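The values are calculated or read from the model by the stated rules, or taken from the named source; none is laboratory data. Computed from a predicted structure; not experimentally measured. Cβ placement follows ideal geometry from the backbone for every residue including glycine, while neighbour counts extend to all protein chains displayed.
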Amino acid sequence: MEIAGAVALVTGANRGLGRRFAAALLERGAAKVYAAARNPESIDLPGVVPLRLDVTDPASIRDAAAVTSDVTLLVNNAGSSTGASLLGGSLEDIRLEMDTHYFGTLAVTREFAPVLERNGGGAVLNVLSVLSWFTAPQVAAYSAAKSAAWSLTNALRLELAPQKTQVTALHVGYMDTDMAKHVEGPKVDPAVVAGLALDGVEEGRFEVLADDASRNVRAGLAGDLSGLYPALVS
(Lines give C-alpha, C1' and ligand atoms only; values in the text may rest on other atoms or scores of the structure.)
Protein backbone atom coordinates (compact mmCIF):
# COMPACT_ATOMS: atom_id res chain seq x y z
CA MET A 1 0.00 0.00 0.00
CA GLU A 2 1.05 3.61 -0.42
CA ILE A 3 2.00 5.50 2.75
CA ALA A 4 1.37 8.94 1.26
CA GLY A 5 -2.26 9.80 1.98
CA ALA A 6 -2.74 6.89 4.39
CA VAL A 7 -4.33 7.25 7.81
CA ALA A 8 -2.17 5.35 10.29
CA LEU A 9 -2.54 4.28 13.89
CA VAL A 10 0.60 3.35 15.84
CA THR A 11 0.29 1.69 19.23
CA GLY A 12 2.96 2.43 21.83
CA ALA A 13 3.85 5.62 19.97
CA ASN A 14 5.06 7.69 22.91
CA ARG A 15 8.68 6.53 22.76
CA GLY A 16 11.21 4.21 21.14
CA LEU A 17 10.37 2.53 17.86
CA GLY A 18 6.72 3.61 18.03
CA ARG A 19 7.67 7.28 18.10
CA ARG A 20 10.02 6.70 15.15
CA PHE A 21 7.18 5.04 13.25
CA ALA A 22 4.91 8.01 13.83
CA ALA A 23 7.61 10.46 12.71
CA ALA A 24 8.46 8.41 9.61
CA LEU A 25 4.80 8.18 8.62
CA LEU A 26 4.47 11.96 8.77
CA GLU A 27 7.66 12.38 6.73
CA ARG A 28 6.30 10.03 4.07
CA GLY A 29 3.13 12.03 3.66
CA ALA A 30 0.57 10.15 5.71
CA ALA A 31 -2.64 12.17 5.80
CA LYS A 32 -3.07 11.53 9.53
CA VAL A 33 -1.17 9.65 12.22
CA TYR A 34 -2.88 8.56 15.42
CA ALA A 35 -0.17 8.18 18.07
CA ALA A 36 -1.63 5.80 20.65
CA ALA A 37 -0.40 5.24 24.19
CA ARG A 38 -1.83 4.37 27.59
CA ASN A 39 -1.05 7.95 28.59
CA PRO A 40 -1.69 10.21 25.56
CA GLU A 41 -0.30 13.18 27.49
CA SER A 42 3.13 11.57 27.04
CA ILE A 43 2.93 12.04 23.26
CA ASP A 44 5.20 14.96 22.34
CA LEU A 45 5.60 14.55 18.56
CA PRO A 46 4.23 17.55 16.61
CA GLY A 47 1.72 16.76 13.89
CA VAL A 48 0.23 13.56 15.28
CA VAL A 49 -3.16 12.98 16.90
CA PRO A 50 -2.65 11.65 20.46
CA LEU A 51 -4.94 8.75 21.31
CA ARG A 52 -5.56 6.84 24.53
CA LEU A 53 -5.19 3.11 23.94
CA ASP A 54 -4.13 0.33 26.28
CA VAL A 55 -3.74 -2.88 24.28
CA THR A 56 -4.46 -4.99 27.38
CA ASP A 57 -7.81 -3.28 28.00
CA PRO A 58 -10.67 -4.31 25.67
CA ALA A 59 -12.77 -1.25 26.56
CA SER A 60 -9.87 1.05 25.73
CA ILE A 61 -9.44 -0.65 22.36
CA ARG A 62 -13.15 -0.31 21.54
CA ASP A 63 -13.14 3.35 22.53
CA ALA A 64 -10.12 4.03 20.32
CA ALA A 65 -11.67 2.30 17.32
CA ALA A 66 -14.88 4.27 17.75
CA VAL A 67 -13.08 7.58 17.16
CA THR A 68 -10.67 6.43 14.43
CA SER A 69 -12.98 5.15 11.72
CA ASP A 70 -10.67 6.43 8.96
CA VAL A 71 -7.65 4.19 9.70
CA THR A 72 -6.08 2.44 6.69
CA LEU A 73 -2.78 1.32 8.28
CA LEU A 74 -2.48 -0.29 11.71
CA VAL A 75 0.96 -0.60 13.30
CA ASN A 76 0.90 -3.01 16.25
CA ASN A 77 4.00 -1.82 18.06
CA ALA A 78 3.09 -1.65 21.78
CA GLY A 79 5.32 -3.92 23.83
CA SER A 80 6.56 -4.95 27.25
CA SER A 81 9.82 -6.49 28.44
CA THR A 82 9.79 -7.89 31.96
CA GLY A 83 12.93 -10.02 31.73
CA ALA A 84 11.04 -12.95 33.22
CA SER A 85 12.27 -16.51 32.81
CA LEU A 86 9.72 -19.30 32.52
CA LEU A 87 10.78 -21.23 35.61
CA GLY A 88 11.91 -18.42 37.90
CA GLY A 89 9.87 -15.45 36.71
CA SER A 90 6.56 -14.44 38.22
CA LEU A 91 3.44 -15.68 36.48
CA GLU A 92 2.16 -12.09 36.51
CA ASP A 93 5.12 -10.97 34.41
CA ILE A 94 4.76 -13.92 32.06
CA ARG A 95 1.05 -13.18 31.61
CA LEU A 96 1.82 -9.52 30.96
CA GLU A 97 4.13 -10.46 28.10
CA MET A 98 1.47 -12.68 26.54
CA ASP A 99 -1.32 -10.17 27.19
CA THR A 100 0.68 -7.42 25.51
CA HIS A 101 2.34 -9.11 22.55
CA TYR A 102 -0.17 -11.85 21.72
CA PHE A 103 -3.61 -11.07 23.12
CA GLY A 104 -3.09 -7.32 22.77
CA THR A 105 -2.07 -7.57 19.12
CA LEU A 106 -4.98 -9.93 18.47
CA ALA A 107 -7.54 -7.74 20.24
CA VAL A 108 -6.45 -4.55 18.45
CA THR A 109 -6.41 -6.26 15.06
CA ARG A 110 -9.84 -7.83 15.59
CA GLU A 111 -11.29 -4.43 16.48
CA PHE A 112 -9.70 -2.62 13.55
CA ALA A 113 -10.13 -5.29 10.87
CA PRO A 114 -13.67 -4.09 10.01
CA VAL A 115 -12.39 -0.49 9.93
CA LEU A 116 -9.69 -1.45 7.46
CA GLU A 117 -12.16 -3.40 5.34
CA ARG A 118 -14.57 -0.47 5.13
CA ASN A 119 -11.67 1.73 4.03
CA GLY A 120 -10.56 -0.55 1.20
CA GLY A 121 -8.43 -3.15 2.98
CA GLY A 122 -5.27 -1.28 3.92
CA ALA A 123 -2.50 -2.96 5.88
CA VAL A 124 -1.38 -4.23 9.25
CA LEU A 125 2.25 -4.08 10.39
CA ASN A 126 3.11 -6.26 13.40
CA VAL A 127 6.33 -5.54 15.27
CA LEU A 128 7.84 -8.91 16.15
CA SER A 129 11.46 -9.76 16.99
CA VAL A 130 14.42 -12.01 16.28
CA LEU A 131 13.28 -13.52 19.58
CA SER A 132 10.23 -14.86 17.75
CA TRP A 133 12.66 -17.58 16.59
CA PHE A 134 15.30 -17.71 19.33
CA THR A 135 15.19 -17.73 23.12
CA ALA A 136 17.28 -17.62 26.28
CA PRO A 137 16.32 -17.90 29.96
CA GLN A 138 16.56 -14.15 30.61
CA VAL A 139 14.13 -13.36 27.77
CA ALA A 140 12.06 -16.53 27.83
CA ALA A 141 8.66 -14.99 28.60
CA TYR A 142 9.15 -12.23 26.04
CA SER A 143 10.37 -14.71 23.44
CA ALA A 144 7.42 -17.06 23.99
CA ALA A 145 5.00 -14.15 23.55
CA LYS A 146 6.74 -12.95 20.38
CA SER A 147 6.78 -16.49 19.00
CA ALA A 148 3.03 -16.68 19.60
CA ALA A 149 2.66 -13.30 17.89
CA TRP A 150 4.57 -14.62 14.87
CA SER A 151 2.13 -17.52 14.52
CA LEU A 152 -0.73 -15.07 15.06
CA THR A 153 0.62 -12.82 12.31
CA ASN A 154 0.81 -15.69 9.83
CA ALA A 155 -2.77 -16.70 10.63
CA LEU A 156 -4.08 -13.14 10.39
CA ARG A 157 -2.40 -12.77 7.00
CA LEU A 158 -4.53 -15.65 5.73
CA GLU A 159 -7.74 -14.55 7.43
CA LEU A 160 -7.47 -10.93 6.29
CA ALA A 161 -6.51 -11.71 2.70
CA PRO A 162 -10.14 -11.97 1.48
CA GLN A 163 -10.79 -8.38 2.57
CA LYS A 164 -7.57 -7.27 0.80
CA THR A 165 -5.75 -6.32 4.01
CA GLN A 166 -2.05 -7.03 3.70
CA VAL A 167 -0.12 -8.12 6.79
CA THR A 168 3.60 -7.47 7.23
CA ALA A 169 5.79 -8.81 10.04
CA LEU A 170 8.84 -6.89 11.25
CA HIS A 171 11.63 -8.89 12.85
CA VAL A 172 14.53 -7.07 14.48
CA GLY A 173 17.11 -7.59 17.20
CA TYR A 174 18.22 -5.07 19.78
CA MET A 175 17.55 -1.42 18.99
CA ASP A 176 18.93 1.71 20.61
CA THR A 177 15.84 2.37 22.74
CA ASP A 178 14.98 2.51 26.43
CA MET A 179 13.78 -1.10 26.33
CA ALA A 180 17.28 -2.30 25.44
CA LYS A 181 19.33 0.22 27.39
CA HIS A 182 20.64 -2.53 29.68
CA VAL A 183 21.99 -4.55 26.74
CA GLU A 184 25.68 -4.42 25.92
CA GLY A 185 26.78 -4.70 22.32
CA PRO A 186 25.65 -3.41 18.94
CA LYS A 187 22.16 -1.99 18.53
CA VAL A 188 20.42 -0.76 15.41
CA ASP A 189 18.92 2.70 14.98
CA PRO A 190 15.12 2.51 15.48
CA ALA A 191 14.63 5.25 12.88
CA VAL A 192 16.33 3.03 10.30
CA VAL A 193 14.20 0.07 11.38
CA ALA A 194 11.00 2.10 11.04
CA GLY A 195 12.02 3.13 7.54
CA LEU A 196 12.79 -0.43 6.47
CA ALA A 197 9.48 -1.66 7.88
CA LEU A 198 7.48 1.01 6.06
CA ASP A 199 9.37 0.20 2.87
CA GLY A 200 8.18 -3.37 3.34
CA VAL A 201 4.58 -2.24 3.78
CA GLU A 202 4.75 -0.15 0.61
CA GLU A 203 6.25 -3.10 -1.29
CA GLY A 204 3.61 -5.52 0.02
CA ARG A 205 6.17 -7.79 1.66
CA PHE A 206 5.16 -10.53 4.11
CA GLU A 207 8.26 -10.13 6.29
CA VAL A 208 10.92 -7.51 6.92
CA LEU A 209 14.18 -8.70 8.46
CA ALA A 210 15.68 -5.46 9.63
CA ASP A 211 19.15 -6.52 10.79
CA ASP A 212 21.81 -9.20 10.50
CA ALA A 213 20.68 -10.89 13.71
CA SER A 214 17.21 -11.51 12.30
CA ARG A 215 18.52 -12.65 8.93
CA ASN A 216 21.03 -15.05 10.50
CA VAL A 217 18.59 -16.61 12.96
CA ARG A 218 15.88 -16.92 10.31
CA ALA A 219 18.32 -18.79 8.08
CA GLY A 220 19.39 -20.95 11.00
CA LEU A 221 15.88 -22.32 11.53
CA ALA A 222 16.46 -24.74 8.66
CA GLY A 223 19.42 -26.36 10.41
CA ASP A 224 19.95 -28.49 13.49
CA LEU A 225 19.01 -26.85 16.79
CA SER A 226 22.60 -27.12 17.96
CA GLY A 227 23.44 -24.39 15.46
CA LEU A 228 21.24 -21.91 17.31
CA TYR A 229 21.81 -23.36 20.77
CA PRO A 230 25.42 -24.63 21.01
CA ALA A 231 24.99 -25.02 24.78
CA LEU A 232 22.83 -28.07 24.04
CA VAL A 233 25.85 -29.91 22.67
CA SER A 234 27.52 -31.82 25.51
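This table checks each residue for (1) modelled with pLDDT of 95 or more; (2) surrounded by 15 or more Cβ atoms within 10 Å (Cβ to Cβ); (3) more than 30 Å from L87 (Cβ to Cβ).
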position	(1), (2), (3)
K146	yes, yes, no
E159	yes, no, yes
M175	no, yes, no
G185	no, no, no
S226	no, no, no
*Kindly list the number of the only condition in (1) more than 18 Å from the chain's Cα centre (by Cα); (2) closer than 29 Å to A23 by Cβ; (3) β-branched (V, I, T) that fails for V233.*
(2)
*Identify all residues within region 116-138 that are closer than 24 Å to G227 by Cβ and touching a helix residue (DSSP H, G or I) at 6+ places or on another chain (Cβ under 6 Å); write none if there are none.*
L128, S129, V130, L131, S132, W133, F134, T135
*Within the group D44, D54, which residue is over 16 Å from V201 (Cα atoms), among the acidic types (D, E) and in contact with a helix residue (DSSP H, G or I) (Cβ under 6 Å, 6 or more places away or on another chain)?*
D54
*Which ones in region 65-86 are of a type in the set (A, V, I, L, M) and touching a residue at least 40 places away in the same chain (Cβ under 8 Å)?*
A65, V71, L73, L74, V75, A78, A84, L86
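So, restricting to helices (runs of 4 or more DSSP H) that lie completely within region 135-226, which ones have at least 3 residues that are of a type in the set (D, E)?
On the way: elements: 140-160, 190-203, 212-220.
By residue number, 190-203.
Those residues that are among the hydrophobic types (A, V, I, L, M, F, W, C) and not in a helix (DSSP H, G or I), I need them from region 106-128; list them, please. Before the answer, list the steps.
Taking region 106-128 and keeping what is among the hydrophobic types (A, V, I, L, M, F, W, C), we get 106-108, 112-113, 115-116, 123-125, 127-128.
Those that are among the hydrophobic types (A, V, I, L, M, F, W, C) and not in a helix (DSSP H, G or I): A123, V124, L125, V127, L128.
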_Selection within region 1-21 - surrounded by 21 or more Cβ atoms within 10 Å (Cβ to Cβ), under 24 Å from R118 (Cα atoms) and free of Cβ contacts under 8 Å to residues at least 60 places away in the same chain_ = none
*Six or more apart or on different chains, Cβ under 6 Å: which pairs go from a residue in region 205-234 that's in contact (Cβ under 8 Å) with a residue 40 or more places away in the chain to one that's of a type in the set (V, I, T)? Could you list them?*
A210/V172; A210/V193; D211/V172; D211/V188; A213/V130; S214/V130; S214/V172; V217/V130
*Give me the pairs: first residue in region 24-50 and at positive phi, second residue in a loop (DSSP other than H, G, I, E, B), beta-carbon distance under 8 Å, and six or more apart or on different chains, which are they?*
G29/I3; G29/A4; G29/G5
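Looking only at strands (runs of 3 or more DSSP E) that fall completely inside region 1-105, which ones have 2 or more residues that are more than 18 Å from the chain's Cα centre (by Cα)? Reasoning before the result, please.
Numbers: elements: 7-10, 32-37, 49-52, 73-76.
Strands (runs of 3 or more DSSP E) meeting the threshold: 49-52.
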_Of all residues being on the phi < 0 side of the Ramachandran plot and out of contact with any Leu (no Cβ under 9 Å at 6 or more places or on another chain) in region 111-134, which is surrounded by the most Cβ atoms within 10 Å (Cβ to Cβ)? Just the residue, please._
L131
